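Engineer: Next up is a structure, given as structure tokens.
A short reminder: the numbers here are calculations on the coordinates, not readings from a lab. Remember, predicted model here, so these are calculated numbers, not experimental data. All Cβ positions, even for glycine, are placed from backbone atoms using ideal geometry, and neighbour counts span all protein chains on display.
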Amino acid sequence: MSLDMGRSTPRFKQCFTSAFHRAVMGLLALCALTGCSPSDPEPTSSGTQLLTKLITAEQYSNSLAYIFGPSIDTQVQFTPIVRNEGLLANSLATAGVSVGQVQTIQGIAATVASQVMDIEQRQYLVACRPESIDGPDEACATQFVSKVGRLLFRRALIDDEIAVFVEQASAAAEELAGEELNGEELDGFYAGLEVVLEGLLIHPEVLFIIESAEPDPSNPEQLRLDGYSLASRLSFFLWNASPDDELLAAAESGELLTRDGIERAVDRMLESPRLVDGMRAFFDDMFVFNEIKTLVKDATIYPGFTTVTALDAQEQTLRTIIDHTLNKDKDYRDLFTSRSTFMSPALAIVYGVPAQPGWASYTFAEDSPRAGLLTQVSFLALTSHPGRSSVTLRGMALREQFLCQTVPQPPPGIDFSVLTNPDANYPTQRQRVAAHLETPSCAGCHRITDPIGLSLEQFDGAGGYRLTENEATIDATGALDGFEFDGAIGLGEALRQNPELPRCLVQRVYSYATGGPPEIEARPTLNYFNEEFAAQGYQLRNLLRTIVLSKAFSLIQNSPSEERLLAAASSD
Amino acid sequence: MSKWDRRRVMKGMVKGVGVTVALPFLDYFLNGNGTALASGAPMPERFGTWGYGLGGTRKLFVPQQTGPNYDLPEELASWAPIRDDVNLFTNGHAIRDASPNGNHFTGWVVSRTGIAPESGSGPSETIDLTVAKQIGGATRFTNLTATATADARDTYSYYNASTPNAPEWSPLAFYQRLFGLDFQNPNADEFQQDPRVIARRSVLSGIMDQERSLMETVGVADRERLDQYFTGLRQLERQFEQRLTKPEPIASCMPPGEAPVDVAMDQSTDSIKLRHQMMAELMAMAVACDQTRVFNMTYSAAFSSTIKPGYEKPHHTCTHEEPVDEALGYQLNASYFTRRAMESWVDFVEVFKKIPEGDGTLLDNVLILGTTDVGNARTHSIDGMSVFLAGRAGGKVKSGNHIDLNGGSVAQVGYTALRLMGVDTPSWGTLSNECSEVISDVLV
């Protein structure tokens, strides 16, 4: 099936629908017999692994906000997870839940449930009215449990499951009716439902996104995600939340597993404002913004940099990215040279520009030393120490975050005393890091990091602009993979020209979407995405569309543990 | 900045528990000689850990004399009030065999697991959680973990390589978790049962009934993760059960009556010291109130980013870059950071020592393992490492000795601690770190 069809406009589709369908059906029939796909530019792929992923705190919270509305306070913090091949998201399929974490989540669940059943909120959030608030009402409890359970579990609950929860709600309603808590009498029905909702909110199927697969009807030897799992993969990727009612309905009816159905669903999701939530979460992960929470500067050295500055710096970069890639559909690579951004009062202090109240769009002047994300405070401050800049951290971050390269850790057992400069009074970083390059065991790696960082030296550890360090003029010449330049503007341009820049984004987006670092076998698929990305002008939304509509996104590798699914299907 | 006003807290304590606050351990709680509870059960044993980054400056850190009454070199000068409560082990190695030397990692991991981690691999179950399986099941929390660094990633406690035991990092949140709404004061006159707890327990047991069917839907590795989650649910169930019964009174339990105000997020030694003190006091009181019997505190991460305000290099960078002072022969600022860490270690031990229990103090009934990640800070060596052991473990430990490990594995101390806590294992650790003999010098 051609992906060109996927890019056709609705009008085009309307005109040619029936002819097209006939042709496609014919092709399908032919391909089912021969296993061919003559017009499909996507290389053959066995797909990705079937995963059991831990939901993130943000996804949990976003999902609850969709189900119960934004007025429910869900202050959620989960155990931090480790970064794996550039993304935290790559660890969600291996991260465990500790005993302490379960206790914390129970506490959150209790808070959320009590807010939902609060006398005001329940008028809206529990759609039905019980016959009496003092006791059980099976019909109303059934309605609530099936509706909320479906959204929380990301699948329709089966009757037996609903029956168990309703029975528990009824038993609790009888037990709790008239009981006193903190001097107030409990309403049996709602108190019973509240306890059941608490249980639903800590349920393993809510906290873990357990994917499941089924044989692909067009190739019964191959597995694919089932409808519900596909809906979850799409939704957590594009919206950073569980599927909404409409997406679940498409999964339930089987529509999502048809070509038209998934295209309709994907186009709706890509046009939704919720795409911003999804992409903010992705870039937050890719840009290592989890570090913002703990980013502090030495107040005696950088008095203008506060916790607000750190949070605003993150917000500035995310706003810049979303505006550039989604609002204006611009070339991803231009983010590293663009002078358009947004400014807040706290940031204006660091940037040394006039402040306006709140957030306002801002464009750096043509002669400004700032252009592109590398010159924003978020990148500069995160890759510095509390009291000074770091050329090595900056060079390493650029390679790892934007070019998907791995800079090795320092070799073990170095005697660092060889690095100790006898004269600590070198005025500039360039002189201080020269020692790295004089020592062979250090030079290998520092040669690929330090020349990058040195070109950003006109920005201090808080991201402020400077021309001198300790009264010595800063030499901001640097180099990146064969390009030599003077200063940050040149670095941004060199990075924009680097062919690895868009390839790295493609790799990160694909990992993030499918839940793990790409395997070596995925190389042809990634090459295909790269070509499409280039052909479509490096526009993010198009890249997302190509990826989620690819076979690679929804096919599942046949591994020993999944063979049972095929075996079960063939014995049916 | 209003922080931890002791007077206010003391006032709050009195207000909080009313008349039952009295002299520590009233006679009716105890047997005749103050070594056991009246029920005949011995004082509960408790185990804790404390961790900091970057070792010290060897020549300022390692005492000349071994045995009791050892000398306190400059970096340990602050230990004077607790020297006799601590066994100090020096000159231990984290032996890596064929494993790589994970910078800032191998050292503490060997001290806490006895196993040198493979490349790219996280720590296996750390000692505190092994001990928690032995002694942590009876209390509200199987263990408590906190960090003074305000960074929820800074922990030395791991369930397994992919499951860190995340620490509490905010004193306020820690207070709320320990002494907030769900706390049952064992000395309260009235016992109020939350009527919803029985219903909660029954919903929970309904979820746990689905364990088997859910396990069948996932692969082996994911089964382990789900199993861990269900272990969490079982502990939750135990908590619910505890909330249905009135706790036995505990005289030394005097919970703070007011919530603390969080310290600024910064990494300065002053903020960290204060945050550490606040969390240590909460933690020790949680132990005294028998809310947990296993506890962990991180003073600083292995890559310690503690700063000395106005000095541009944080602790870790400083150990690499600061020149050795030619006159003194050591790194002045690096040593400053070590001294601050040792002062907080003293604070930690003293918090336990100040809480009376039985005819002694809480410190008599705990054992606290203190570890770091390197021996000599400047070279980041994983030989010549130190390990601390504070407390007397219910009278089983003879404290106040300096013991030279003579280049043996630091895991020997961990193994000794495990055996003292009743974990009956013939050996601990792997390859050259495997230990099967306790260090008898510290046994009574």
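Engineer: Near B:LYS396, which aspartates and glutamates are there with a Cα under 12 Å away, not counting those fewer than 8 places off in the same chain?
Structural biologist: Cross-link targets: B:GLU45, B:ASP364, B:ASP441.
Engineer: Could you identify which residue out of B:THR371, B:THR217, B:THR66 has the top mean-square fluctuation in a GNM of chain B using Cα springs shorter than 10 Å?
Structural biologist: B:THR217
Engineer: I'd like to know how the stretch B:325-430 sits against the 2.2 N^0.38 Å rule of thumb: what's its Cα Rg over that expected value? Each step should come with its number before you reach the end.
Structural biologist: Details: Rg = 16.4 Å, N = 106, 2.2 N^0.38 = 12.9 Å.
Computed over Cα atoms of the stretch B:325-430, the ratio equals 1.27.
Engineer: Also, quick follow-up: State the extension gain, in nm to one decimal, for the chain segment bounded by A:GLU519 and A:TYR124, taking 0.36 nm per residue of separation less the distance between their alpha-carbons.
Structural biologist: Working: separation 395, 0.36 × 395 = 142.20 nm, distance 4.71 nm.
Value of the extension gain: 137.5 nm.
Engineer: Just to be sure I understand: of the beta bridges DSSP finds with both ends in the protein assembly as shown, what percent are antiparallel, rounded to 5?
Structural biologist: Values: 42 of 66 bridges.
Of all bridge pairs located within the protein assembly as shown, approximately 65 percent are antiparallel.
Engineer: Mind checking the angle between helix B:332-353 and chain B's longest principal axis? C-alpha axes, 0 to 90 degrees, to the nearest 10.
Structural biologist: Value to nearest ten degrees: 30.
Engineer: Once every Cα of chain B carries one equal point scatterer and solvent is ignored, give the base-10 log of I(q)/I(0) from the Debye formula at q = 0.09, 0.10, 0.13, 0.14 Å⁻¹, two decimals.
Structural biologist: Ignoring solvent entirely, the Cα scatterers give -0.58, -0.72, -1.21, -1.38.
Engineer: Just need the Rg to Rh number for the stretch A:283-497, please, alpha carbons only, Kirkwood Rh. Write out the running numbers ahead of the final one.
Structural biologist: Details: Rg = 17.1 Å, Rh = 17.8 Å.
Looking at the stretch A:283-497, the ratio lands at 0.96.
Engineer: Return the percentage of antiparallel bridges among DSSP beta bridges fully within chain A, rounded to the nearest 5 %. All intermediate terms of the calculation are to be shown ahead of the outcome.
Structural biologist: On the way: 24 of 25 bridges.
Around 95 percent antiparallel, to the nearest 5.
Engineer: Name the residues of the stretch A:369-386 whose amide N is less than 19 Å from a point 7 angstrom out from the Cα of A:VAL353 along the C-beta direction?
Structural biologist: A:369-382
Engineer: If you don't mind, there's one more thing I want to ask. Under the Cβ-under-4.7 Å rule, which cysteines of chain B stay unpaired?
Structural biologist: Unpaired cysteines in chain B: B:CYS318, B:CYS435.
Engineer: Separate question: How much of the calculated P(r) for chain A lies past 36 Å, in percent of all Cα pairs?
Structural biologist: Value for chain A (Cα pairs over 36 Å): 46 percent.
Engineer: Using the Cα atoms of the stretch A:55-209 to build a convex hull, what is its mean projected area in square nanometres? Could you put the intermediate results ahead of the total?
Structural biologist: Details: hull surface 38.8 nm².
Taking a quarter of the hull surface, the average projection is 9.7 nm².
Engineer: Can I ask one more? Using only atoms on other chains, find how many Cβ atoms lie within 10 Å of each Cβ of peptide B:217-229 and report the average. Write down the numbers at each step before the final one.
Structural biologist: Details: counts 5, 8, 8, 2, 4, 10, 1, 1, 9, 7, 1, 6, 12.
Counting other chains' Cβ atoms within 10 Å and averaging over B:217-229 gives 6.
Engineer: Partner chain Cβ atoms within 10 Å, averaged over the residues of A:496-503 - can you pull that number for me?
Structural biologist: On the way: counts 0, 0, 0, 0, 0, 0, 0, 0.
That average works out to 0.
Engineer: Given +1 on the Cβ of Lys and Arg, -1 on the Cβ of Asp and Glu, and no further charges, what dipole in debye does chain B carry about its Cα centre, rounded to the nearest 20?
Structural biologist: On the way: 40 positive and 52 negative charges, 158 e Å.
That gives chain B a dipole magnitude of about 760 debye.
Engineer: Turning to a different aspect of this structure: Could you check the simple spin-label distance between A:GLU174 and A:GLU131, using points 7 Å along Cα→Cβ, in nm with one decimal?
Structural biologist: With each label point 7 Å from Cα toward Cβ, the separation is 1.4 nm.
Engineer: If you count, for every residue in A:185-191, the Cβ atoms of partner chains within 10 Å of its Cβ, what is the mean?
Structural biologist: On the way: counts 0, 2, 0, 0, 0, 0, 3.
The per-residue average across the peptide is 1.
Engineer: Pick from B:GLY375, B:GLY114, B:GLY67 the residue whose mean-square fluctuation is largest in a GNM of chain B, springs joining Cα atoms under 10 Å.
Structural biologist: The residue with the greatest mean-square fluctuation here is B:GLY67.
Engineer: Enumerate the amide H contacts of A:TYR362 below 5 Å, restricted to partners 5 or more residues apart or on another chain; note that Pro and chain-start residues carry no placed amide H.
Structural biologist: A:THR341, A:PHE342, A:MET343
Engineer: For A:GLU214, A:GLU519, what's the fewest-to-most ordering of other Cβ within 10 Å of each Cβ? Write out the running numbers ahead of the final one.
Structural biologist: Working: A:GLU214 18, A:GLU519 12.
The most exposed by this proxy come first: A:GLU519, A:GLU214.
Engineer: Please name which of A:ASN290, A:ALA313, A:ALA251 has its Cα lying farthest along the dipole of the stretch A:247-332 towards the positive end, using unit charges on Cβ (Lys, Arg +1; Asp, Glu -1) and the Cα centre as origin.
Structural biologist: Highest projection toward the positive end goes to A:ALA313.
Engineer: Determine the dipole magnitude for chain A: charges of +1 sit on the beta-carbon of Lys and Arg, -1 on that of Asp and Glu, nothing else is charged, the reference point is the Cα centre, and the result goes in debye to the nearest 20.
Structural biologist: Numbers: 42 positive and 75 negative charges, 466 e Å.
Dipole about the Cα centre, nearest 20: 2240 debye.
Engineer: Right, here's the next one. Lys/Arg Cβ at +1, Asp/Glu Cβ at -1, dipole of the protein assembly as shown taken about the Cα centre: which of B:ALA417, B:SER300, A:ALA127 is farthest positive-ward?
Structural biologist: Farthest along the dipole direction, towards plus: B:SER300.
Engineer: For a 20 Å ceiling on Cα separation, which of these pairs sit above it: B:LYS273/B:LYS354; A:LYS297/B:LYS273; A:LYS297/B:LYS308; A:LYS297/B:LYS313; B:LYS273/B:LYS308; A:LYS53/B:LYS133? Write out the running numbers ahead of the final one.
Structural biologist: Numbers: B:LYS273/B:LYS354 18 Å; A:LYS297/B:LYS273 18 Å; A:LYS297/B:LYS308 11 Å; A:LYS297/B:LYS313 11 Å; B:LYS273/B:LYS308 12 Å; A:LYS53/B:LYS133 27 Å.
Among B:LYS273/B:LYS354; A:LYS297/B:LYS273; A:LYS297/B:LYS308; A:LYS297/B:LYS313; B:LYS273/B:LYS308; A:LYS53/B:LYS133, the Cα-Cα distance tops 20 Å for A:LYS53/B:LYS133.
Engineer: Hey, can you list the DSSP H helices of chain A whose Cα span along the axis is 27 Å or longer and whose average Kyte-Doolittle score is at least -1.0?
Structural biologist: Qualifying helices, which must be both long enough and hydrophobic enough, are A:10-34.
Engineer: Could you work out, for the protein assembly as shown, what percent of all Cα-Cα pairs fall into each 10 Å distance bin, beginning at 0 Å and stopping at the bin that holds the largest distance?
Structural biologist: Using 10 Å bins, I get a P(r) of 2, 10, 18, 21, 21, 16, 8, 3, 1, 0 for the protein assembly as shown.
Engineer: Next question. Given +1 on the Cβ of Lys and Arg, -1 on the Cβ of Asp and Glu, and no further charges, what dipole in debye does the stretch A:247-316 carry about its Cα centre, rounded to the nearest 20? Mind dumping the intermediate values first?
Structural biologist: Numbers: 7 positive and 13 negative charges, 26 e Å.
Here the size comes out at about 120 debye.
Engineer: Between the alpha-carbon centers of the stretch A:244-321 and the stretch A:383-405, tell me the distance in whole angstrom.
Structural biologist: 23
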